[in-house]
Amino acid sequence: QAAAGSAGGDNLFVEDVFSTYLYTGTGSSPTITTGIDMLGEGGLVWNKNRTDGYANLLIDSERGVGKYLSSDSVAAQANVTGNSFTNTGYVLGTDMGVLNSRPSTYASWSWRKAKGFFDIVTYTGNGVTGRNISHALTSSPKMMIVKRTDTSSGWWTWHTGIGTNYILLNSSNPAAGGGIVWNNTAPTSTVFTVADDANTNGGTFVAYLFGDDAIFGEDGDEQICKIDSYTGNANNVGPIIDCGFEPQWILVKRASGSANKSWIIVDMMRGLQVGADDQMLSPNSSTAEYDFNGFSLKPTGFQVTNSDDFVNGNGSTYIYMAIRRPMKVPEAGTEVFGVDVGDTNVPAIDSSFPVDMAFIKNVSSIGDINISSRFTALKSMATNSNAAEGGYSVFAFDYMDGIGSSGFNNITGWLFKRAPKFMDVVAFSGTGANPLS
């Protein structure tokens with residue numbers, strides 16, 4: 001099958017080709033271990049400072065890790081030293097201090113090249129309108145981003161939800177006519193077509209191609225990406241988008257209507273809590289992470305939960321990309337369960353994996369046993385009480401290796417990771433009806 005065949009002959013999983021990785025700046029040259037082979041297979045790393053207003057910075061294997069672009073800027077690519085890709089992630093050089101300043105926090109998203117999922121193409125423009133550029137995705141792209149790298153240029157973006165039009169990744173503007181970029185021609189499984197602005201004679205370009213035809217997983221039958229569109233209804237009970245899987249990462253942009261609205265990225269690692277604010281970052285803006293209650297995850301997709309035209313303008317078209325949550329069956333208990341006593345560091349209670357659910361208790365005194373999850377972060381319930389859920393501001397889950405921003409010193413934690421055939425967490429709203437009727 002299209003995406004099967006890792007080095008050991010086993011099927012690929014979403015963990016092999018995509019990662020959200022969170023880290024805190026140290027001021028040194030960090031090694032980011034995502035588990036993805038960026039050195040041997042190639043791909044794209046997209047970094048964003050969460051706490052400060054710094055640019056979205058992109059490095060990739062085709063242009064070389066010594067060059068970066070900013071998705072919120074029209075500027076040409078810039079040179080940097082010290083970066084490198086590894087078989088399990090990447091290393092940031094000291095020149096990339098903007099991506100490792102102490103004590104800022106950062107989000108890093110990695111795409112590995114894989115058939116049906118992601119490809120990168122570089123080319124030099126020849127000025128020919130209607131030129132076909134070959135790619136190796138092996139299926140028709142559902143989204144493409146093209147940027148001229150040698151001089152100032154917009155981030156020309158095509159998406160299956162806007163026909164043959166274009167939309168700019170670096171702008172909040174809606175979609176516009178695609179004749180000057182795509183020659184009003186949709187891409188195929190072997191080529192994409194460019195016109196004047198994406199094929200300037202002598203200019204150098206990079207193209208990122210995203211597909212949703214890759215079938216991965218233990219049985220080789222699981223779609224890991226969905227790229228499509230939805231129509232807003234201006235209701236707090238917004239559209240339910242069926243992806244066929246629960247997403248871990250979602251990109252959304254209003255593509256029609258008179259109001260200009262930013263692109264947004266949300267992901268489960270930074271926070272997509274049920275009934276609470278989601279943590280937003282914008283590809284077209286250097287703005288730090290901000291709160292907005294826009295989405296609720298479902299076992300088979302996501303629902304829009306706000307009437308604001310940012311995500312749900314009545315009759316407006318919204319384009320999106322959603323990537324499936326991790327799907328590997330664990331091979332050892334230590335991959336999905338751990339116990340630790342908290343200290344004064346951050347995170348306070350440590351693990352060797354991202355935690356999805358936890359019990360905590362001060363075992364040296366009488367008191368509650370509290371439980372919380374990534375879905376309900378910053379809140380908790382006491383298992384020895386019938387009281388409603390309450391706020392617990394330090395019960396934070398946005399770390400790769402533990403929980404708790406502070407206040408858990410000498411608190412014992414029992415930590416669990418969601419995984420097939422081991423443990424799951426589901427959040428739902430009651431309807432008062434018998435779900436089996």
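The values are calculated or read from the model by the stated rules, or taken from the named source; none is laboratory data. As the structure is a computational prediction, the values presented were derived from the model and not from experiment. Cβ coordinates were reconstructed from backbone atoms using ideal geometry, including for glycine residues, and neighbour counts include every protein chain displayed. Areas reflect the complete protein model, heavy atoms only, side chains present, ligands, DNA and RNA absent. Shrake-Rupley method; radii C 1.70, N 1.55, O 1.52, S 1.80 Å.
Here are some notes:
- Sum of side-chain charges, ARG102 neighbourhood, beta-carbon under 15 Å (Lys, Arg +1; Asp, Glu -1): 0
- Relative contact order %, the range 249-392, counting alpha carbon pairs below 8 Å whose residues are six or more apart: 18
- Estimated distance in nm for a label pair at ASN173 and SER152, the labels positioned 7 Å out from Cα along Cα-to-Cβ: 1.4
- Within-12-Å neighbourhood charge of THR149 [Cβ basis; K, R +1; D, E -1]: +1
- Compactness of the range 317-437, taken as the C-alpha radius of gyration over 2.2 N^0.38 Å, stands at 1.19.
- Counting Cα-Cα pairs of the chain in 20 Å increments starting at 0 gives whole-percent bin shares of 25, 58, 16, 1.
- Extension gain, THR33 back to ASN384 (0.36 nm per residue minus Cα-Cα distance, nm): 122.5 nm
- Mean Cα-pair separation over length for the chain, i.e. relative contact order, pairs under 8 Å, 6 or more apart, %: 14
- Working from Cα pairs under 8 Å separated by at least six residues, relative contact order for the range 98-236 is 31 percent.
- Farthest towards the positive end of the charge dipole of the chain, among the residues THR94, CYS243, VAL191, is the Cα of VAL191, using unit charges on the Cβ of Lys, Arg, Asp and Glu.
- Solvent-accessible surface ranking, highest first, for TYR21, TYR123, TYR54 at 1.4 angstrom: TYR54, TYR21, TYR123
- Mean residue ellipticity, 222 nm, helices only, the chain: the sum of -39500 (n - 2.57) across DSSP H runs of n ≥ 4, divided by residue count and rounded to 500, is -500 deg cm²/dmol.
- Accessible solvent surface per residue of the chain, calculated while the other protein chains remain in place, 1.4 angstrom probe, Å²: 39
- Note on LYS253: lysines with a C-alpha under 19 Å away, same-chain residues under 8 apart excluded, are LYS48, LYS142, LYS147, LYS226, LYS261.
- Dipole magnitude for the range 22-149: computed about the Cα centre from +1 point charges on Lys and Arg Cβ and -1 point charges on Asp and Glu Cβ, it is near 260 debye.
- Near-label residues of the range 40-75 by backbone N, under 15 Å of a point 7 Å along Cα→Cβ of THR88: 40
- In the range 25-68, the portion of solvent-accessible area held by carbon and sulfur atoms comes to 45 percent [1.4 Å probe, whole percent, DNA, RNA and ligands not counted].
- Cα-projected label distance for ALA433 with THR300, points at 7 Å along beta-carbon direction, nm: 1.5
- Positive dipole terminus of the chain, leading residue within ALA377, ASN79, THR431 (C-beta point charges): ASN79
- Within-10-Å neighbourhood charge of MET381 [Cβ basis; K, R +1; D, E -1]: -1
- Straightening the chain between ASN201 and PHE292 buys 28.5 nm, computed as 0.36 nm per residue apart minus the Cα-Cα spacing.
- Hull volume in cubic angstrom per residue (convex hull over the Cα atoms of the range 30-150): 118
- Phi-derived couplings, Karplus 6.51 cos²θ - 1.76 cosθ + 1.60 at θ = phi - 60°, listed residue by residue for the range 368-379: 5, 9, 9, 10, 8, 9, 4, 5, 10, 4, 6, 9 Hz, with x used for Gly and Pro.
- For the range 408-435, the residues whose backbone nitrogen is under 15 Å from a point 7 Å from the Cα of VAL341, taken along Cα to Cβ, are 408-414.
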